[in-house]
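The values are calculated or read from the model by the stated rules, or taken from the named source; none is laboratory data. Worth saying up front: this structure is predicted, and the values here are computed from it rather than measured. So basically every Cβ, Gly included, is an ideal-geometry build from the backbone, and we count neighbours across all protein chains shown.
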Amino acid sequence: MTEYKSAAKDLVPGVGTKRSAKTDPATGFEVKGVKVNVKHLGAYCASTGLRLANELPATYLYVLSFPLAMKVMTTPDYPFNAVGAVHLTNVIEQTRPLTVDDEFTIRTHAENLRPHRKGLLIDMVTEVFVEGEGEAPVWTQTSGFLAKGAKLSGSADAAVKAREEDSGSLFERPEIPADPTPSATLTATGESIKVYADASGDKNPIHVSGLGAKAFGFPSTIAHGMWSAASVLASLEGELPTGGSRFSIEFAKPVTLPAKVAEFTAKDSSGAWDVQLRKASKLETLHAVARIEAV
């Protein structure tokens, strides 16, 4: 939770960094020689229902790169505080399957600061390269974060001010499936999400502390969006693209704990999977929409 303690300092008047939304952050970070710790991978897979194998789940590199993203968020030129920001969308593209034997270079930066009807959006972009395989990334992720209530500074760069308001959405809101029988049901409890928090390193108070969750307006702790994303992959193992792929997910209503989540999946003529996650006891409540496709 060290990263969040650092970010939380910004909430204390006179102590934290005074942030101003003027331009895209100039600071990015890179780490080389990253190797997979199989014990850590096993803990991650156990916390999400994924099968431990030589091939890495597409979402696992999110976990490996998460410390760099938090480091970007706590730099002085990041436009808003990390604590309280909403993870709105996530898109992962990879050119080939990645394995535990690969050695990685990871680069992370933030870009495209822009207005949203509820505040400000920014994209956290992470690129992963395999050592010895050239300059093209093998895995790229764009995470959309929303800071509710945030506004551009009056002295913001002209190029940033010129950017149009963006909904941040990846998909149109889907209809409730005609057949109410889910393809699978996901179960999340406070304890199981704490296990995921330990494995992923994402110990944001809204996920692990009842008081922390209530401080940000949630009735109880909520599941991580990327736990939901990983759970989707787990439910479709053996059915996913075997080469290059794109996994896009948009988060809607938070999964408040404890919860049962109904998963609805449909495969189209191209072989792509469309997925909806809805509250099992009230299908009108949409938690996430996703699409997994070959590229």
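When region 1-41 is filtered for residues that are at pLDDT below 95 and over 25 Å from Leu64 (Cβ atoms), the ones remaining, listed by number, are Lys9, Asp10, Leu11, Val12, Pro13, Gly14, Val15, Gly16, Thr17, Lys18, Arg19, Ser20. The number of residues in region 240-289 that are among the acidic types (Asp, Glu) and out of contact with any Asp or Glu (no Cβ under 9 Å at 6 or more places or on another chain) comes to 3.
Exactly one residue among Thr221, Thr242, Thr265, Thr285 is among the hydroxyl-bearing types (Ser, Thr, Tyr) and either under 21 Å from Leu64 (Cβ atoms) or touching a Phe, Trp or Tyr at 6+ places or on another chain (Cβ under 7 Å) (or both), and that residue is Thr265.
Only one entry of Ile249, Ile176 meets the criterion of being modelled with pLDDT of 95 or more, in contact with a helix residue (DSSP H, G or I) (Cβ under 6 Å, 6 or more places away or on another chain) and more than 22 Å from His40 (Cα to Cα), and that entry is Ile249. Candidates in region 215-229 are the residues that are of a type in the set (Gly, Ala, Ser) and surrounded by 16 or more Cβ atoms within 10 Å (Cβ to Cβ); of these, the one that is nearest to the chain's Cα centre (by Cα) is Gly225.
Inside region 275-291, residues that are farther than 16 Å from Gly225 by Cβ and without any contact (Cβ under 8 Å) to a residue 60 or more places away in the chain make up a count of 2. Applying a threshold of 7 Å to beta carbon distances and a minimum spacing of six or more residues, or different chains, the list of pairs starting in region 241-253 at a residue that is in a loop (DSSP other than H, G, I, E, B) and ending at one that is among the polar types (S, T, N, Q) reads Gly244/Gln94; Gly244/Thr95; Lys253/Thr285. Going by the structure shown, is Tyr62 within 22 Å of the chain's Cα centre (by Cα), of a type in the set (Ser, Thr, Tyr) and at pLDDT below 90? The answer is no for Tyr62. Filtering region 56-108 down to residues that are small (Gly, Ala, Ser) and closer than 20 Å to Phe29 by Cα, which residue is surrounded by the fewest Cβ atoms within 10 Å (Cβ to Cβ)? Out of the qualifying residues, it is Ala82. Taken together, Ala58, Ala43, Ala69, Ala110 contain a single residue that is small (Gly, Ala, Ser) and in a strand (DSSP E or B), which is Ala110.
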